[in-house]
1. How far apart, in nm, are the 7 Å Cα→Cβ label points at THR37 and PHE58?
2. Taking amide H positions as placed 1.01 Å from N in the peptide plane, with prolines and chain starts having none, which residues 5 or more places from ASN10, or on another chain, fall under 5 Å of its amide H?
3. With θ set to phi - 60° and the Karplus curve 6.51 cos²θ - 1.76 cosθ + 1.60, what are the ³J(HN,Hα) couplings of the stretch 42-55 in order, to the nearest whole Hz, using x for Gly and Pro?
Amino acid sequence: MDCPNCKTWNPDDKNVCWRCQALLPKPIEKKKKGAATFFLGLPIWSWVVFVIMLILLFAAQCLGPTLLNR
Ligand SMILES: [Zn+2]
């Protein structure tokens, strides 16, 4: 974003202008492009947890009888 004071471009994660140290307004724009961190509206980590749960469920179904038969 551009500094409101000196019109210098600043990275979006900066709180103050790197040139004149003026406070930068917080960008209220659209949320970050979540393509990398969000999938179908859920964060990727929740999908990872979901898949791990499915794998554990599947493994329990497959390995459960053999473990019980010991
Ligand atoms: Zn500035």
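Where a number appears in this text, it was derived from the coordinates with a stated rule and is not lab data. For clarity, every value in this text was computed on a predicted model and none was experimentally measured. Quick reminder, even Gly has a Cβ in these numbers, built from the backbone with ideal geometry, and neighbours come from all protein chains shown.
1. With each label point 7 Å from Cα toward Cβ, the separation is 2.9 nm.
2. ASP2, CYS3
3. So the Karplus estimates, Gly and Pro as x, are 10, x, 4, 4, 5, 5, 4, 4, 4, 5, 5, 4, 4, 5 Hz.
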